[in-house]
Every structure is written in C-alpha cells, then in structure tokens.
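Reviewing the structure listed below.
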Amino acid sequence: MPRWPRAAAGTAAYPGGVIENIPACPRCSSEYTYEMNNLVVCPECGHEWVPAADGASAAGGAEAGERVIKDAVGNVLNDGDTVTVVKALKVKGNPSGIKAGTKVRNIRLVDGVDGHDIDCRIDGFGAMQLKSSVVKKA
Ligand SMILES: [Zn+2]
C-alpha cells in the first residue's frame, strides 16, 4: 500500500488541454488556437484576435464613466482617504465656518451638485459635500 495516494486520474486536466470552446482561426481555420491576455492566438499563421463573446470588455480596459478626482495639488483621491481642507470655507448657519487645516476622514467620492465631488462628515459640522479643489490628501 503506497504511503500517499497517487494523483487521482479522474481529476487531471483534459488530455490535450482543450478546456474551453476556443474558436478556430478565422484566417486559416486552424483549431490549435489558444487564449492569451484576452486574445485568441493562432500558432499556425500568427493571427491574433479578440474573441467576439467578450470583445467589449477586453478592449480598452478603462471603464467609461469612471472619473478620476484629484485634490488641490493633483493627488488622486479615493474613497476612504483622509484629506485636509486647504482654505477656510464658509458654512451656512455656522459663523466660524471650516478652518483651513481641518482634517476630514473617510471621504467618499460622489457625483455631487455644482462640482462638489466629496461626501464627508466633519466634526462639529456633520455630513457635507466639499469640492476636491479645496482639499489636499493627508
Ligand atoms: Zn491561423
């Protein structure tokens, strides 16, 4: 009796490695095509193409509509960042307003009204929206 079982024959990869339905080469109709970096590659004639099924997601990679929000000095901001307010801000109903240097934790990037693209909560002021141009990444 062996000390450890051999690799179970049934779990091995399919012989030849043909796992998925990879389309034949449209140029030379070779069936020995394989996938590489979201492309299908034909080893026979060297043709490479994007498979039709998920061509849309493979092309480009950048998701349309995803905005990059930058702070006053050009740092890219992300959800959850801590930022510092770089200039005094007036707040309706509050005589002192937000002072420059106020730390704001755990910001959330939003598509706010009138360019206010940061949703946050500031001690003493509560929830509010700021413009990314008045903060600096801490
Ligand atoms: Zn080919």
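Read the figures in this text as sums done on the coordinates, not as results from a lab. All values reported here derive from a predicted model rather than from experimental measurement. We place every Cβ from the backbone using ideal geometry, glycine too, and count neighbours over all the protein chains shown.
Observations, loosely collected:
- Between Asn21 and Val110, residue separation times 0.36 nm minus the direct Cα-Cα distance comes to 27.9 nm.
- In a fully extended conformation the segment linking Lys70 and Glu35 would gain 8.9 nm over its present Cα-Cα distance, using 0.36 nm per residue.
- In order along the stretch 94-99, the Karplus-derived 3J(HN,Hα) couplings, from 6.51 cos²θ - 1.76 cosθ + 1.60 at θ = phi - 60°, round to 10, x, 8, x, 8, 7 Hz, and Gly and Pro are given as x.
- Sequence of Val73, Val41 once ranked by neighbouring C-beta atoms within 10 Å, starting from the fewest: Val73, Val41
- Filter on Lys70/Lys92; Lys70/Lys90; Lys99/Lys137; Lys103/Lys136 - keep pairs with C-alpha separation over 20 Å: Lys70/Lys92; Lys70/Lys90
- Difference of contour (0.36 nm per residue) and Cα-Cα distance, Lys131 to Ala100: 9.8 nm
- Ranking of Met128, Met36 by count of other Cβ atoms within 10 Å, fewest first: Met36, Met128
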